[in-house]
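**Q** Before I ask anything, here is the structure I am working with.
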Amino acid sequence: MKHSYLDRYSNLNSPIHRADPRLKILVALFFVLSILLTNSGNLLEFALYGLIIASLVIISRIPPLFILKRSLMIIPFIVLISLFLLFDRTGLSAEYSGKVLFRGIVIKSYLAIVMLTLLSSTSTFPSLLQGLQRLKISKVFILLLSFMYRYIFILVDEAMRITRGKRSREFGAGKWRQIKSTASLIGILFIRTYERGERVYSAMCSRGFDGTIRTLNTIRLRMAEILVGFALVTIIILVKIFTHSHAL
Amino acid sequence: MHIPDGFLDPKTTLLCYGISAGWIAIALKRTKGRLGEKTVPLMGVMGAFIFAAQMFNFPIAGGTSGHLLGGFLAALLLGVWEGSTVMAAVVLIQCLVFQDGGLLALGANLLNIAILGAISGLWIVKLSLLRNPSKKLFLLACGAGAWLSVVIPAAACAGELGLSGIAPWKTTLVAMTGIHALIGVVEAIITILIIAVIKKIRPDLLRMSSDKA
């Protein structure tokens, strides 16, 4: 498999990795929300949030360089927005200049994406799904997601194999021919996938599948974790209150 | 086109979450009623297919390359409700595993990419089917549908940014739809070619979805 980068650090062992996925999802949501609700000019608040996230990264034992690399993904969007702000500033908030507003957006989206990277690299996808299911997300949807996740690797592998074969066969071919052959490969991959889906379904039926999947319940909310989560939320709220009275 | 966190204000975030959650709840109910438990494994595998299809790169002018987005293709092959549900699962995995699009912006991304991406193009194909189209006309309608399935979500994305007061309405709208009008042409060409292949080998798969839709 050439996509081990997917779940690369989610099997490490740290307090954050071990924590209940429900708790992680809720705290992450709360944190991102409070980042979003920060005034664009309040640099002190941003700095304190950055400090909290940085300490979480250290606790999680995920290489900071990895987080740094993943978080660069928002760059294209930032460029896009800055282009808009360059051309036309009508209808924008009068409270801040375009520069402060832009700086605020960049910091917010950066902090949020680091938080999200942290969430996804400290939890395996199945555990996130278990968490979502306990948070009352529709069971059918969770089932759909777990199927999808299982087959992504198989199909992406197949797609990579097909691409490699195609490249070695049509070295130097014209652009149009390349486009056409890639499209027909996707079409064929679809048909194969569809037929695979039907086979999977009949295999499941013959093993007694009745629409629900029963799994062991491995997540358990421990009191200590609840306290830590609660403490984190309290710290975030305190940062908000403190920086509002000491705005830079 | 995945919006990261920090670009949408709370009002827009909440609005998009509301619409998306409502739509997906209805879609899940409809797909469950129609095909029973058989849909879930099939839809799951199809979602993985959309992921894999996005891995193929197509050479475009001057060294750049693009890939399929697949919202329209999913809707055409599976039906509107199933297609948008599958795309919603794709968007959720992109967010939670690949950090493509933010946690709070997820509602908006679901609305744009999964819902609007699936529903904005299919009506043209349905319209063309009423007139018992030739193969050429059917493929043309598919191309138009695929084009719309890229351009309309882009316009919605611009609208959401405008509603959040992040970027000015008009410029964003013009720029976003302008860029995506070109990306849409690529999507249309790829989609037409893919559908032509499926139509040649397993035409029954296409017929099934158009009956359902």
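The values are calculated or read from the model by the stated rules, or taken from the named source; none is laboratory data. These numbers come from a predicted model, not from an experiment. Counting neighbours? That spans all protein chains shown, and the Cβs are built from the backbone with ideal geometry, glycine included.
**Q** Are any residues in the range A:35-72 touching a Lys or Arg at 6+ places or on another chain (Cβ under 9 Å) and surrounded by fewer than 16 Cβ atoms within 10 Å (Cβ to Cβ), and if so, which ones?
**A** A:LEU37, A:PHE66
**Q** Would you check if B:ILE190 is in a helix (DSSP H, G or I) and either within 16 Å of the chain's Cα centre (by Cα) or crowded, with 20+ Cβ neighbours inside 10 Å (or both)?
**A** Yes.
**Q** Sticking with this structure for a sec: Would you mention how many residues in the range B:89-120 are facing chain A (nearest Cβ under 8 Å), surrounded by 24 or more Cβ atoms within 10 Å (Cβ to Cβ) and touching a Ser or Thr at 6+ places or on another chain (Cβ under 8 Å)?
**A** Residues flagged as facing chain A (nearest Cβ under 8 Å), surrounded by 24 or more Cβ atoms within 10 Å (Cβ to Cβ) and touching a Ser or Thr at 6+ places or on another chain (Cβ under 8 Å) within the range B:89-120 amount to 3.
**Q** Is at least one residue of the range A:207-222 in a helix (DSSP H, G or I), loosely packed, with under 11 Cβ neighbours inside 10 Å and either modelled with pLDDT under 85 or of a type in the set (Ser, Thr, Tyr) (or both)? Before you say what the answer is, go through the steps one by one.
**A** Step one: filter the range A:207-222 for residues in a helix (DSSP H, G or I), giving none.
Taking every residue of the range A:207-222 in turn, none turns out to be in a helix (DSSP H, G or I), loosely packed, with under 11 Cβ neighbours inside 10 Å and either modelled with pLDDT under 85 or of a type in the set (Ser, Thr, Tyr) (or both).
**Q** Quick one: in the range B:167-187, which of the residues that are within 7 Å of another protein chain (Cβ to nearest Cβ) and crowded, with 23+ Cβ neighbours inside 10 Å is nearest to A:THR182 (Cα to Cα)?
**A** Result: B:THR172.
**Q** Here are some residues: A:GLU225, A:GLU195. Which one is touching an Asp or Glu at 6+ places or on another chain (Cβ under 7 Å), acidic (Asp, Glu) and either part of a helix (DSSP H, G or I) or farther than 27 Å from B:PHE51 by Cβ (or both)?
**A** Numbers: A:GLU195 fails: touching an Asp or Glu at 6+ places or on another chain (Cβ under 7 Å).
The unique qualifying residue is A:GLU225.
**Q** Then there's this: At pLDDT 90 or above and surrounded by 15 or more Cβ atoms within 10 Å (Cβ to Cβ): is that true of A:LEU119 in this structure?
**A** In short, yes.
Yes/no matrix, rows are residues, columns are (1) more than 11 Å from chain B (Cβ to nearest Cβ); (2) out of contact with any strand residue (DSSP E or B) (no Cβ under 9 Å at 6 or more places or on another chain); (3) over 20 Å from A:LEU129 (Cα atoms):
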| residue | (1), (2), (3) |
| --- | --- |
| A:PRO15 | yes, yes, no |
| A:ARG18 | yes, yes, no |
| A:PRO21 | no, yes, no |
| A:PHE30 | no, yes, no |
| A:LEU33 | no, yes, yes |
| A:ASN39 | yes, yes, yes |
| A:GLU45 | yes, yes, yes |
| A:GLY50 | yes, yes, yes |
| A:ALA54 | yes, yes, yes |
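**Q** If you take the residues of the range A:103-152 that are of a type in the set (S, T, N, Q) and within 30 Å of A:LEU51 (Cβ to Cβ), which of them is nearest to the other protein chains (Cβ to nearest Cβ)?
**A** If we take residues in the range A:103-152 being of a type in the set (S, T, N, Q) and within 30 Å of A:LEU51 (Cβ to Cβ), then A:SER109 is nearest to the other protein chains (Cβ to nearest Cβ).
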